[in-house]
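Student: Here you go, one structure.
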Amino acid sequence: MTTENKGIVQRALAGLIETGDVNTLASFLSDDFLHHRSDATTSTKAEWLAAVHAALGPTAGMQVEILHLLADTDHVVVHSRRRLPDAGPEIVVVDVLRVADGLIAEVWEIIEPVAQTAVNAAWWEPARL
């Protein structure tokens, strides 16, 4: 199951990253797909695909580099670095995807702007507690 689920996510991302074709990605999502962000907002399949199209569609210009792809049972974790066009900010993203019945059912996304890494990494230092 782990290897199969990792393959599903790899194929979904490869189609999207290589072509910017959101329809390829859509074919890998369940009808009741949900996307969760760290700010507690949730998007439906249609809402999330519209956002992905705006960011990664053929004319959007965002570059995505997959750094790690890990899987355990029905969950697949993707660690990526994304660069926005026109010298826009660079972000690091961790997505946790849940696969059910051969389709991606949910995604939890955590985003960190690279420029804010030092500030975000210092919150736990003893002097700040």
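Student: May I ask for the longest run of the chain untouched by chymotrypsin sites (Phe, Trp or Tyr not before Pro) that are loop-located per DSSP and have at most 11 neighbouring C-beta atoms (other than their own) within 10 Å? Kindly include the intermediate steps, with their values, before the conclusion.
Tutor: Details: sites that count: Trp123, Trp124.
Here the longest segment lacking exposed loop sites spans 1-122.
Student: Now, a different point. Please rank Leu84, Leu25, Leu97, fewest neighbouring Cβ atoms within 10 Å first, as an exposure proxy.
Tutor: Lowest to highest Cβ neighbour count: Leu84, Leu25, Leu97.
Student: Further, regarding this structure: Within a 10 angstrom radius of the beta carbon, how do Val96, Val52 rank from fewest other beta carbons to most?
Tutor: Fewest to most other Cβ atoms nearby, the residues stand as Val96, Val52.
Student: Here is a further query. Calculate for the chain the 222 nm mean residue ellipticity that helices alone would give, adding -39,500 (n - 2.57) per DSSP H run of length 4 or more and normalising by residue count, nearest 500 deg cm²/dmol. Numbers along the way, then the final one.
Tutor: Numbers: 4 runs with 40 residues, N = 129.
After summing the helix terms and dividing by residue count, I get -9000 deg cm²/dmol.
Student: Against the longest principal axis of the chain, how steep is helix 45-56, in degrees 0 to 90 to the nearest 10, with axes from Cα atoms?
Tutor: 60 degrees
Student: Right, something else. Between Ala71 and residues 5 or more places away or on another chain, which pairs have amide H atoms under 5 Å apart, with H built 1.01 Å from N, and which residues are they?
Tutor: Val77
Values quoted throughout were computed directly from the atomic coordinates according to the rules given, and no laboratory measurement underlies them. Everything numeric in this text was worked out from a predicted model, so none of it was measured. A quick note on method: Cβ atoms are made from the backbone with ideal geometry, for glycine too, and the neighbour counts reach across all protein chains shown.
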